[in-house]
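See below for the structure under consideration.
The values are calculated or read from the model by the stated rules, or taken from the named source; none is laboratory data. Quantities reported herein were computed from a predicted structural model and do not represent experimental measurements. A quick note on method: Cβ atoms are made from the backbone with ideal geometry, for glycine too, and the neighbour counts reach across all protein chains shown.
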Amino acid sequence: MCNRFGNGVAGLPCVRLGWVACQILMIRFSRWHLLMLLLAGFGGTGPARAQTAPAFPGAPVSLAPLVRDVAPCVVGIAVREAASTTAKASTSSAAGGAPAMAEAAGSGFIVRADGMIVTNDHVIAGAAHIVVTLNNGARYPARLVGADDLTDIAVIKILSSKPLPVARWGDSDTVRVGDWVLAAGNPFALGNSFTLGIVSAEGRDIGEGPFTHFLQLDAPINPGNSGGPSFDMSGRVIGINSAIVSPSGGSVGIGFAIPSNSAIPIVQALIAHGAVARGWLGVAVADASGDGAAGAEITGVEAGGPAARAGLRAGERVVSVNGESISGAAGLTRAIASLPPGTKVRLGMRKNQHLFQIPVIVGRRPEQLEE
């Protein structure tokens, strides 16, 4: 899982891709990142791109009309949050004893004319103040409507005296590897920018939560692009830009976006309720091992939880939910968490080579009971 650092960037433990040690980074941007990248002389070590490219069938002659149509719904997001205790101590004298504030930047897009804006949870997490900048330069304070850290999606709202331009959702299930994609956002807090690439892979599991398999993009996205949209060539949002793989913090052509079809129900729930009610079994699970069968092995059962009340025990294996096969621990987590609390499900179980069905009433995640 990604760790979350105080400067707003989260990264997985380093993994070696060829000879380069890379990190998967959440791509919210802070001024500190720009300074470090400028000092490091980022962005100039590779071969220069050719000035012209071959014309492929279906490739637009110019993206200017598409950019003109979608730009008004793309926003920049500036966040001010209380700095860490260490940072406060080092800056308190310069600030006259006032609490130190850390600044970071991200992106978003308008989904309702009344000012509802989608972004990443990691962009606004811990924010004391949020300011949204529209494509025309107008700035508005924003308030948090709701956030879901498990899918890294958040909704914020601004108040405008007139209706705002709205992004249209696309169908990410129809996206193919090789399709053109236009990525938009606020890289390095420079303001709205647009880059072109393709969908280079689908269903990527980057360890950033069990609920989203990402689209992989080669359109350049950088720190500050977090929460920005990726459009298809019809101008519809097919993904929310959320993370990159990078040895240096800048784009190397491997970015990840939350598919629109995964995001839409989360956004709808956040707008309606401010949170996403998630199902819960009360079990600890691990990927099944041994005889090669798929499924999730129960390694622990929480007393008083839904699984305990249904009679589930450690050592049993869950192989299906309502008849749908489970690929592993993450698959079981996704299946249960996608269900509303109170739902009755049939768990297909395996123990000692025997298959049987157990009905379970899904509960509500304990941390949500406290909300």
Quick check on region 317-331. Is at least one of its residues at negative phi, of a type in the set (D, E) and touching a residue at least 12 places away in the same chain (Cβ under 8 Å)? no
Output yes when any residue across region 184-193 is in the same structural domain as I117 (by TED's automatic domain parsing), surrounded by 20 or more Cβ atoms within 10 Å (Cβ to Cβ), within 18 Å of the chain's Cα centre (by Cα) and in a loop (DSSP other than H, G, I, E, B), and no when none is. yes
Just one listed residue, out of A71, A102, is modelled with pLDDT of 95 or more, over 23 Å from A269 (Cα atoms), assigned by TED's automatic domain parsing to the domain that holds R168 and not in a loop (DSSP other than H, G, I, E, B), and it is A71
Restricting attention to region 135-148, which residues are touching a residue at least 40 places away in the same chain (Cβ under 8 Å) and under 26 Å from P259 (Cβ atoms)? N135, A142, V145, G146, A147, D148
Looking at region 228-254 only, could you name the residues that are surrounded by fewer than 24 Cβ atoms within 10 Å (Cβ to Cβ) and of a type in the set (A, V, I, L, M)? M233, V245, V252, I254
Sort out which residues of region 108-145 are touching a helix residue (DSSP H, G or I) at 6+ places or on another chain (Cβ under 8 Å) and over 19 Å from G239 (Cα atoms), and write them in order of number. I130, L134, N135, N136, L144, V145
For region 324-334, indicate whether the set of residues that are surrounded by 12 or more Cβ atoms within 10 Å (Cβ to Cβ), at pLDDT 90 or above and under 30 Å from V145 (Cα atoms) is non-empty. yes
Taking A257 and the conditions (1) at pLDDT 95 or above; (2) surrounded by fewer than 16 Cβ atoms within 10 Å (Cβ to Cβ), which numbered condition does it fall short on, given that it satisfies the others? (2)
Under 19 Å from A269 (Cβ atoms), basic (K, R) and modelled with pLDDT of 95 or more: which single residue out of R139, R143, R168 fits that description? R143
